Structure formats: structure tokens, C-alpha cells
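One structure is given here, and the rest of the page talks about it.
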Amino acid sequence: MSSPRQGLRLLTAAVLSAASLAVVSAPAVAQPGPPPRPTTAQAAGEAKAAIAAHSGALMAAKGETYTPRGVIVDADGSRHVRFDRTYQGLSVLGGDTVVHSGPSGRYRGVTLAQTSRVALPTTTPKVPARVATDIAEHHVPGKRHAVGPPTLAVDAEAGTPVLVWRVVVAGTTKAGAPSRLDVVLDAATGHVRRAAETIETAEGTGHGLQNGTVPLSTTQRADGSYELTDGTRGGTETLDAKNAEYPRRETSTPFTDADDDWGNGDRSDRPTMAADVHYGLQQAWDYFAGTFGRRGVAGDGKGIYAMVDYGVNAANASWSD
């Protein structure tokens with residue numbers, strides 16, 4: 001038979017053992033963590049919903065649509081989604097919008113450049129397209145030609161938004177450097193509102209049939225795409241003749257590409273042939289510069305241009321001065 005002191009020790013041990021078991025078997029309490037990082041599509045969808053709920057802050061107008069162009073997610077999960085704006089199908093210059101949201105996706109605010117809501121009485125221009133092209137080509141002294149047809153847009157970069165023609169013209173400056181201007185003119189009066197230089201030299205990659213993988217000096221366009229124009233070699237251009245039997249520079253169009261990676265090395269691929277030709281033009285420029293100290297074939301600083309895909313089953317190549 002145990003003594004009272006021994007009984008107390010046994011009771012104490014039993015209580016401590018039970019408490020220990022209770023602690024071990026208690027479920028762990030989950031600690032709150034950061035919200036899951038959103039996908040690009042999720043962030044864009046949340047921002048688009050915010051546009052509908054906060055149209056006043058965006059100066060939204062009836063007939064506008066918003067297309068996401070870029071998504072940035074901060075380390076804490078905050079989102080910033082950039083949208084391009086169109087009005088009745090026309091691009092709104094200066095209408096790009098950035099919607100800001102917190103880590104939970106809750107709307108925080110918006111950043112935009114335009115100061116007035118778009119409210120055009122009409123989207124029909126008074127100035128014909130051909131007149132707009134002529135005005136743009138003669139806006140700056142020098143020989144210039146339009147790159148493609150003019151396009152209608154809404155100019156909301158400053159003041160009251162107006163209907164405009166947007167014309168891209170190529171040529172050279174007085175110093176002989178290549179130039180490509182984005183000319184914006186009022187579609188009702190023909191007044192040139194502004195003209196901005198758009199040439200930005202880039203370094204692309206070509207996968208030609210003859211030359212294999214080679215570097216290509218290209219130009220980034222205002223819309224972010226690239227074309228086979230070499231601003232470092234006098235504006236040397238490789239153009240798509242579109243299989244015309246009697247091609248002309250004015251009717252040919254620049255080869256364009258979204259990621260500055262040209263061709264796949266296959267004969268049936270049009271950019272593959274263009275990559276070969278563009279690389280050859282660059283080599284020709286470098287030959288005259290390195291061997292004779294001449295900038296360009298004629299020594300006038302002007303680039304060479306070529307039209308690829310001339311006719312159907314036509315001669316391999318030809319040259320005319």
C-alpha cells in the first residue's frame with residue numbers, strides 16, 4: 001500500500017502526462033500568408049471589371065473598347081494593367097490607360113494621359129485620304145514617301161479629342177540620315193498637329209536559306225513590331241514586292257515581324273528570303289564603307305533598297321541604278 005506522498009507523486013505524473021498528450025495532439029494553427037500571385041489573365045480580367053465600375057475616372061465614352069497590352073505584378077501582388085483604347089473602332093492616340101489594383105485585386109486608381117472625354121460629332125473625314133498623304137509627304141523638306149495607306153484615329157493627347165489622319169512617311173533628313181515620321185493631321189482641316197520620328201534601331205536575327213543564322217539590323221516601329229529597315233546603314237530597306245510583275249518601291253511594303261526573328265530557313269517561307277537579301281544589303285554597305293570609304297553605293301549616305309518576291313518564277317536577281 002502506497003503512502004499519501006507516493007500517491008500525490010503518481011497523481012501529479014498522471015496529470016502532467018495527460019497535459020503533454022493534449023499538447024502533442026492539438027492541431028497546428030495555420031498562419032496567414034500572402035495572397036496567391038495572380039496570373040496575367042486574372043489580373044487583366046480584374047482590371048477590365050474595374051474599368052466598367054469606374055468609368056468616370058477613366059473618362060470612358062460610349063463606343064469605346066479596352067484591350068490589355070501589358071501586365072505588371074509587384075512583389076506584394078499589386079497589379080498594374082495597361083490598356084489600349086479604341087473609339088468606334090478607331091485607335092485613340094493618348095488614350096492608353098493603366099489600372100492599378102492592390103494585392104487582393106481591389107481597385108486603387110487609374111493613370112491616363114487624356115484630359116477630356118471623346119465625343120466626336122462624326123467619324124467621317126472631310127479631308128480625303130489621298131490629300132492627307134500628300135500633306136504628310138510634303139510636311140518636311142526632302143524626298144519622302146508614305147509607308148502604307150493613312151489610317152483614321154482619334155487624337156486625345158492634348159485638349160479636346162478630334163478625328164485625325166495618321167500617315168507614316170519615310171525618307172532622309174538634310175544630313176542624309178534615314179527618317180521615318182508619324183504624321184498626325186486634322187481630318188477636318190488638314191492641319192498637321194504633330195510629326196514624330198519613329199526610327200529605333202534594333203538587332204534582330206535572320207534564318208536564311210543561303211546564309212543560315214545571321215544578325216540583322218532592323219527598325220522597331222511605333223506599334224512595337226519590327227521591319228527590315230537598317231537605320232545604321234542609311235535606311236537600307238528590304239521590301240515585299242507581293243509578286244508584282246512590275247514592282248515599284250511605292251507599292252511595295254516593308255516586311256514586318258512581331259519578335260524580330262526572321263525566317264525559318266525554308267525556301268517556301270517569304271521572310272526567309274527577305275532575311276537573306278537584307279543580310280546581303282548590309283554586307284554590300286559594309287564592303288563599300290570598308291574598302292572604299294564610301295557611305296552607300298553612290299557615296300551619298302543613302303541606303304540601298306531591295307524588293308523581294310518579284311513576279312512569279314522570275315529571274316534570280318537584277319540590278320538597276
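The values are calculated or read from the model by the stated rules, or taken from the named source; none is laboratory data. As the structure is a prediction and not an experimental result, all values here were calculated from the model. With ideal geometry, Cβ positions are generated from the backbone for all residues, glycine too; neighbour counts draw on all protein chains shown. When the accessible area is computed, the model is the full protein with side chains, heavy atoms only, and any ligands, DNA or RNA have been set aside. Shrake-Rupley method; radii C 1.70, N 1.55, O 1.52, S 1.80 Å.
Assorted remarks:
- The stretch between H191 and E203, if pulled fully straight at 0.36 nm per residue, gains 0.7 nm over its current Cα-Cα span.
- At R0 = 35 Å, FRET efficiency that the Cβ-Cβ distance of A129 and D269 yields, to 0.05: 0.60
- In this view, the solvent-accessible surface of S55, computed with a 1.4 Å probe and all protein chains in place, comes to about 50 Å².
- A 1.4 Å probe over all protein chains sorts E245, E46, E157 by accessible area into E245, E157, E46, starting with the largest.
- Average Cα contact separation per residue, the stretch 49-133, under 8 Å, 6 or more apart, as relative contact order %: 24
- Overall shape: oblate for the stretch 107-202, with the ratio a/c of the largest to smallest alpha carbon gyration tensor axis at 1.5 or above and b/c at least equal to a/b.
- Across the stretch 122-213, the mean sequence separation of Cα contacts (distance under 8 Å, 6 or more residues apart), normalised by length, yields a relative contact order of 23 percent.
- Length added when fully stretched, D259-K48, from 0.36 nm per residue minus Cα-Cα: 73.3 nm
- Per atom type, the stretch 78-198 shows carbon and sulfur on 54% of its accessible surface, probed at 1.4 Å.
- Rounded to the nearest 10 Å², the accessible area of H100 at probe 1.4 Å: 50
- The residues of the stretch 219-302 present an accessible area of 51 Å² per residue when probed at 1.4 Å with all protein chains retained.
- When nucleic acids and ligands are ignored and a 1.4 Å probe is applied, T229 ends up with an accessible area of around 10 Å².
- Accessible area in square angstrom per residue, the stretch 110-218, 1.4 angstrom probe: 50
- Counting only protein heavy atoms and a probe of 1.4 Å, the accessible surface of the stretch 231-276 is 43% carbon and sulfur.
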